[in-house]
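Peer 1: I'd like to ask you about the structure that follows.
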Amino acid sequence: METPREVLVIGGNRYAGKRLIARLLAAGDRVTVLNRGSSPPPPGAVHLLADRDDESALLSALGSRTFDVVVDQVCYTPRQAAIARRVFAGRARRYVMTSTVEVYEYEDSIALVREDAVDPTTVSVDFELPWDDPAFLDSHYGEGKRQAESVFATDPAFPVTTVRVAHVLGGDDDFTGRLTHYADRIRTGEPIAVPVDNQPATYIHVEEIADFLAWTVGQDFTGPVNAASHGLLGTEELCRTVAAHFPEGKILLQLVELGEVSPFSFARSYGMDNSRATRLGFTFTGVHQWLPRAVAETLGKETGRTVRSDAG
């Protein structure tokens, strides 16, 4: 019988994170969850309380514990990455950071973007930026992730995998409100703001990204890896799938040159090439296979309607 792995999950004890933890426990891993106490982990996991921004508190909570793999679900800034690198050097065999497709925010490519489009070893890091300001961090989400990746990548003795996650859809516990943004407007016939040159993006189902992260825990590759279902999805197709649940609704796209647009509409392409992960052995589904189900799952809770899993 194989020795159970010691896995630490930092934050992320909801949505995809809770699904990841469930998969690790089901696989027989010994799972420790570290967060600030906002929500307890599921039965079977050890719970540690600490603010990951407080290095002393983090060291105190961890004590002498060591881990085969750390999965960091809530690393958003280079400061957080620097603390993690110091704290886990010598106590983690491998580190997995969940990053984002937003690291490619400056790559406007018709072709699907590969990992080498953003090499974290060449990204400049500025610790003096106001990373503690929530408004700044929110508006610099991609930059924070990009610089966090860079901090980890500068230490070759610290084995790190950065999972660049596509836009996540699905689940009746989607807390983002992004799909309901469309549902509310389609139901009432309100305009949906999109850029004049609206571009498609890659997506992944919440269950699939949990599968991918759990699979990654058992691998030994390092460096950036894109995690996205096959296929591109545009705002209009997403709206049509949502509209299937509102027969009396109306899709009214409003083109805007400047200003805020709806959550899943983009002035630049966010299409990721997932061939590295595929070569490494993970099998992705196609976005069109699960899109109707994802919309049904989320809207079923938010609208109180009985929705069909095959809608769309």
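The values are calculated or read from the model by the stated rules, or taken from the named source; none is laboratory data. Predicted model only: the values in this text are computed from it and were never measured. Note: ideal-geometry Cβ built from the backbone for every residue, glycine included; neighbour counts use all protein chains shown. The protein model used for the area step is the full one, side chains on, heavy atoms only, and it has no ligands, DNA or RNA in it. Shrake-Rupley method; radii C 1.70, N 1.55, O 1.52, S 1.80 Å.
Peer 1: Whole-Hz ³J(HN,Hα) for each residue in the range 61-75, computed from phi via Karplus 6.51 cos²θ - 1.76 cosθ + 1.60 with θ = phi - 60°, x for glycine and proline: what do you get?
Peer 2: Here the 3J(HN,Hα) series is 5, 6, x, 9, 5, 10, 9, 6, 9, 10, 10, 9, 8, 9, 9 Hz.
Peer 1: Something else now. Could you order His288, His47, His205 so the one with the most accessible surface comes first? Probe is 1.4 Å. Intermediate values should be presented prior to the final figure.
Peer 2: On the way: His288 100, His47 65, His205 5 Å².
Largest to smallest exposure gives the sequence His288, His47, His205.
Peer 1: Something else now. Would you mind checking the tilt of helix 141-153 against the longest principal axis of the Cα atoms of the chain, expressed as 0 to 90 degrees and rounded to 10?
Peer 2: Around 30 degrees separate the two axes.
Peer 1: To the nearest 20 debye, what charge dipole does the chain have about its Cα centre, counting +1 at the Cβ of each Lys and Arg and -1 at the Cβ of each Asp and Glu?
Peer 2: On the way: 31 positive and 43 negative charges, 205 e Å.
Once rounded to the nearest 20, the dipole reads 980 debye.
Peer 1: Give the long-range amide H neighbours of Ser99: residues separated by 5 or more places, or on another chain, with amide H under 5 Å away, using H modelled in the peptide plane at 1.01 Å from N.
Peer 2: Excluding prolines and chain starts, which carry no amide H, the hits are Val163, Arg164, Val165.
Peer 1: Per 0.36 nm of contour for each residue apart, how much would the distance between Ser56 and Leu137 grow if the chain were fully extended, relative to their Cα-Cα spacing?
Peer 2: Values: separation 81, 0.36 × 81 = 29.16 nm, distance 2.32 nm.
This chain segment gains 26.8 nm when fully extended.
Peer 1: Over all distinct Cα pairs, what is the inverse of the mean 1/r for the chain, reported as the Kirkwood hydrodynamic radius in Å? Working shown, then result.
Peer 2: Numbers: mean 1/r = 0.0490 Å⁻¹.
Evaluated on the chain, it is 20.4 Å.
Peer 1: While we're on this one: In whole angstrom, how far apart do the alpha carbon centroids of the range 260-296 and the range 123-178 sit?
Peer 2: The distance from the Cα centre of the range 260-296 to that of the range 123-178 comes to 18 Å.
Peer 1: Further question: Placing +1 at every Lys and Arg Cβ and -1 at every Asp and Glu Cβ, with all other atoms neutral, what dipole size does the range 140-249 have around its Cα centre, in debye to the nearest 20? Before the final figure, lay out each step's value.
Peer 2: Working: 7 positive and 16 negative charges, 47 e Å.
Using only the charged Cβ atoms, the result is roughly 220 debye.
Peer 1: Where does the charge balance sit around His167 when Lys and Arg score +1, Asp and Glu -1, over other residues with C-beta under 10 Å from its C-beta? Walk me through the numbers before you get to the answer.
Peer 2: On the way: positive: Arg178; negative: Glu102.
Cβ neighbours under 10 Å give a net charge of 0.
Peer 1: Moving to a separate point now. Quick one: ranking Thr202, Thr3 by accessible area, 1.4 Å probe, largest first, what do you get? Intermediate results must be reported in sequence, preceding the final value.
Peer 2: Working: Thr202 0, Thr3 110 Å².
Ranked from most to least accessible, the order is Thr3, Thr202.
Peer 1: What are the residues whose amide H is under 5 Å from the amide H of Arg36, where those residues sit 5 or more places off or on another chain and H is modelled from the backbone?
Peer 2: Amide H neighbours of Arg36: Ala50.
Peer 1: Hey, how many Å between the Cα centroid of the range 16-69 and the Cα centroid of the range 190-254?
Peer 2: 29
Peer 1: Which of Thr121, Thr162, Thr216 ends up with the largest GNM mean-square fluctuation for the chain, with Cα atoms connected below 10 Å?
Peer 2: For the chain, modelled as a Gaussian network with Cα springs under 10 Å, the answer is Thr121.
Peer 1: For Thr154 and Val46, compute 0.36 nm times the residue count separating them, minus their Cα-Cα distance, and round to one decimal in nm.
Peer 2: In short, 35.8 nm is gained.
Peer 1: How far, in degrees from 0 to 90, does helix 16-26 lean away from the longest principal axis of the Cα atoms of the chain, to the nearest 10?
Peer 2: Computed tilt is about 50 degrees.
Peer 1: Same structure, new question: What's the longest piece of the chain with no exposed chymotrypsin sites (Phe, Trp or Tyr not before Pro), counting a site as exposed if DSSP puts it in a loop and it has at most 16 other beta carbons within 10 Å? Please list the in-between numbers first.
Peer 2: Numbers: sites that count: Tyr106, Phe127, Phe175, Phe221.
It runs 1-105.
Peer 1: Give me, ordered by chain and number, the residues 5 or more places off Ala193 or on other chains with an amide H under 5 Å from its own placed amide H.
Peer 2: Sorted by chain and number, the residues that satisfy this are Gln254, Ser262.
Peer 1: At 222 nm, what helix-only mean residue ellipticity would the chain give, in deg cm²/dmol to the nearest 500, using -39500 (n - 2.57) for each DSSP H run of four or more?
Peer 2: Numbers: 10 runs with 103 residues, N = 312.
Here the helix-only value at 222 nm equals -10000 deg cm²/dmol.
Peer 1: Mind running the shape call on the range 91-131? Use the C-alpha gyration tensor, a ≥ b ≥ c as the square roots of the eigenvalues: rounded below 1.5 for a/c, prolate if a/b tops b/c, oblate otherwise. List each step's numbers first, then the result.
Peer 2: Values: a/c = 2.27, a/b = 1.31, b/c = 1.73.
Note, shape of the range 91-131 comes out oblate.
Peer 1: Set Lys and Arg Cβ to +1 and Asp and Glu Cβ to -1, take the dipole of the chain about its Cα centre, and tell me which of Pro156, Val125, Val194 lies farthest positive.
Peer 2: Pro156
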